[in-house]
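Please read the structure below before turning to the comments.
The values are calculated or read from the model by the stated rules, or taken from the named source; none is laboratory data. Keep in mind the model is a prediction, meaning the values are calculated, not measured. Don't worry about glycine lacking a Cβ; one is built from the backbone with ideal geometry, like all the others, and counts go over all protein chains shown. Side chains included, ligands, DNA and RNA excluded: accessible areas come from the protein's heavy atoms. Shrake-Rupley method; radii C 1.70, N 1.55, O 1.52, S 1.80 Å.
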Amino acid sequence: MISNDSITAIKKAKSLNKQIVLGTGRAVAELREYEEELDDIRYGILESGALIYDFKQKKVLNHKTLPSESVNKIKELVACSDIMVIAMINGQIYLQQSHFDYIYKYKMEDYKALYDRSAILVDDITSLLEKEKDNFEKNKFISP
């Protein structure tokens, strides 16, 4: 949620002709439901700094990706551990269907509705890791 105090501060800054930039660890997909509240914000530094986004033009301006060697290590880790991977590519969240189905096991129940609205669920996250190994901006790992 975005607090009323934050909305008021954003509107005040905008009325003073200040440029407001949103900084968050969230992906673009997680912010879509807040478009109206964020209407006064043009740019976002998202995914903990990995993605620069223009909310008005709805496009990625710049992004930094993980080295493909890191993705290979992530695949190895997933193969031998019970870890839920939340992957971000071009502002979109990807999550393995079986992890989402048992999200309570990873103590992430509070995020179930958010991921239901914003994530693309895939059958096998390691296949996605392999296919998109040069395109990941951010990954989060959750263990039970």
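Inspect segment 98-112 for any residue being free of Cβ contacts under 8 Å to residues at least 60 places away in the same chain, over 23 Å from Thr24 (Cβ atoms) and of a type in the set (Phe, Trp, Tyr) and give the result as yes or no.
Step one: of segment 98-112, the residues free of Cβ contacts under 8 Å to residues at least 60 places away in the same chain are 98-112.
Adding the requirement that they be over 23 Å from Thr24 (Cβ atoms) leaves 98, 101-102, 104-105.
Keeping just the survivors that are of a type in the set (Phe, Trp, Tyr) gives 102, 104.
Scanning segment 98-112, I find at least one residue that is free of Cβ contacts under 8 Å to residues at least 60 places away in the same chain, over 23 Å from Thr24 (Cβ atoms) and of a type in the set (Phe, Trp, Tyr), so the answer is yes.
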So which residues in segment 7-20 are closer than 30 Å to Asp110 by Cα and exposed (fewer than 12 other Cβ atoms within 10 Å of the Cβ)? Thr8
Would you call Asp101 open to solvent by 60 Å² or more (accessible area, probe 1.4 Å) and either among the small types (Gly, Ala, Ser) or at pLDDT 95 or above (or both)? yes
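Residues to consider are Leu46, Leu61, Leu114, Leu51; find the one that is aliphatic (A, V, I, L, M), open to solvent by 60 Å² or more (accessible area, probe 1.4 Å) and closer than 19 Å to Glu35 by Cβ. Before you say what the answer is, go through the steps one by one.
Values: Leu46 fails: open to solvent by 60 Å² or more (accessible area, probe 1.4 Å); Leu114 fails: open to solvent by 60 Å² or more (accessible area, probe 1.4 Å); Leu51 fails: open to solvent by 60 Å² or more (accessible area, probe 1.4 Å).
Among Leu46, Leu61, Leu114, Leu51, only Leu61 is aliphatic (A, V, I, L, M), open to solvent by 60 Å² or more (accessible area, probe 1.4 Å) and closer than 19 Å to Glu35 by Cβ.
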Taking segment 113-144, which residues are among the hydrophobic types (A, V, I, L, M, F, W, C) and touching a residue at least 12 places away in the same chain (Cβ under 8 Å)? Leu114, Ala119, Ile120, Leu121, Val122, Ile125, Leu128, Leu129, Phe136, Phe141, Ile142
When every residue in segment 117-144 that is part of a helix (DSSP H, G or I) and open to solvent by 60 Å² or more (accessible area, probe 1.4 Å) is compared, the one farthest from Asn72 (Cα to Cα) is Arg117
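Is at least one residue of segment 123-144 of a type outside the set (D, E, K, R) and at pLDDT 95 or above? Outline the logic, then answer.
To start, the set of residues in segment 123-144 that are of a type outside the set (D, E, K, R) comprises 125-129, 135-136, 139, 141-144.
Filter once more, keeping what is at pLDDT 95 or above: none.
Checked against the condition, which is being of a type outside the set (D, E, K, R) and at pLDDT 95 or above, segment 123-144 yields no hits at all.
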Starting from segment 66-79, keep only residues that are open to solvent by less than 70 Å² (accessible area, probe 1.4 Å), then list their pairs with residues that are polar (S, T, N, Q) whose Cβ atoms are within a distance under 6 Å, requiring at least 6 positions of separation or different chains. Lys75/Thr126; Val78/Thr126
Flag for Tyr34 being open to solvent by 30 Å² or more (accessible area, probe 1.4 Å), of a type in the set (Ser, Thr, Tyr) and more than 18 Å from Asp134 (Cβ to Cβ): yes
